[in-house]
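As structure tokens, the structure follows; a few thoughts come after it.
Only the coordinates and a few stated rules stand behind these numbers; no lab work does. Everything numeric here is computed off the predicted structure, so don't read it as measured data. Here the Cβ positions follow ideal geometry from the backbone for every residue, glycine too, while neighbour counts run over all protein chains shown.
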Amino acid sequence: MKSSTKTKVRQAEILRLLKMNGRALVDNLAERLETTPQTIRKDLNALAENNQIIRFHGGATLAAGTEYASFEVRQEILRDEKDAIGRAVAAEIPNNCSVILNGGTTISAVARHLVHHIGLKVVVDSVYLANILRDFVGIEVMVPAGVVRPSDGAIFGEPAVEFIRQFRADICVVGAAAVELEGALLDYDLHESAVSQAIISSSRNVILAVDNSKFARLAPVCFANLSQVSTLVTDQACPPEVRTLCSAHDVRLLTVD
């Protein structure tokens, strides 16, 4: 195989790995691709020059605005962590209350663990979540009108926003495509972000449920800040900067094994 072809194949694989994980370190990529760290640095610099990735010391992250993977692929990333987070969040939700859930792979894990709850009135912005919850005998499911995104079943648009704004829910559970270490909660889609903003403003208590892959990742749209969150539920790999922010903003931090 010619050197130029090998380089293209290697860089395509680097992009694939970044789309799955959001970020990667030079040494890990070198080991995975069986090459030298120097070669990986050259590949990352070339990809960064084409605005496909963003370099940081020792690694790279996917460029802001590039959605990193399909819904099915994202479900498999840190699957055990997401399941543990989902179980922990479900335990925070009492029976006989009103809840709003927004779409996402971690929130779908929350939905599955609501199977034994009773007396819940649940608003969801996703037909995928509605399908999970519709057979749970103790749950009444409400779905807004709007446009359904084919890739993951998320519902967005002004009708969805207006529907959600009618509620004053006891609890909402939201995810994020990315969480900056300064506290910004980010997403890739402006329309989806508008729905997330409505969910947060329509709820008395906000639970943010994210796995560790979301920290320090980049996305172009800010829909909220960690200071608006009541409880952050994540895994043990939560960065120290986020732990400090939680303490500063009086956000309850719950980490799962």
Calculate the FRET efficiency for residue 257 and residue 181 from the Cβ-Cβ distance with a Förster distance of 35 Å, rounded to the nearest 0.05. 0.95
May I have the count of lysine pairs in the chain with C-alpha atoms under 24 Å apart, counting pairs 8 or more residues apart or located on different chains? 10
Answer rounded, prolate or oblate for the stretch 14-59, using the Cα gyration tensor with square roots of eigenvalues a ≥ b ≥ c: rounded when a/c is under 1.5, else prolate when a/b is larger than b/c, else oblate. oblate
What label, among [x] 0.93; [y] 1.01; [z] 0.95, belongs to Rg/Rh (Cα atoms, Kirkwood Rh) computed from the structure on display? [y]
Place a point 7 Å from the Cα of residue 112 in the direction of its beta carbon; the residues of the stretch 233-249 whose amide N falls under 13 Å from it are none
Extend 7 Å from the Cα of residue 7 along its Cα-to-C-beta direction; within the stretch 30-44, residues with backbone N under 17 Å of that point are 35-44
Could you tell me the calculated FRET efficiency between residue 83 and residue 28, based on Cβ-Cβ distance and R0 = 25 angstrom, to the nearest 0.05? 0.55
Under a point-charge model restricted to the Cβ atoms of Lys and Arg (+1) and Asp and Glu (-1), what is the dipole moment magnitude of the chain relative to its Cα centre, in debye to the nearest 20? 520 debye
Between the stretch 117-173 and the stretch 210-256, how far is it from one alpha carbon centroid to the other, in angstrom? 24 Å
With residue 223 itself left out, Lys, Arg at +1 and Asp, Glu at -1 over residues whose Cβ is under 11 Å from its Cβ give -3
Where a label projected 7 Å from the Cα of residue 97 along Cα→Cβ would reach, residues of the stretch 105-129 with amide N under 19 Å: 107-125
Compute the Cα gyration tensor for the stretch 113-218, then decide on rounded, prolate or oblate, letting a ≥ b ≥ c be the square roots of its eigenvalues: rounded whenever a/c is under 1.5, prolate when a/b is larger than b/c in the other cases, and oblate in all that remain. prolate
Cα axis of helix 37-49 to longest principal axis of the chain: angle in degrees, 0 to 90, nearest 10? 70 degrees
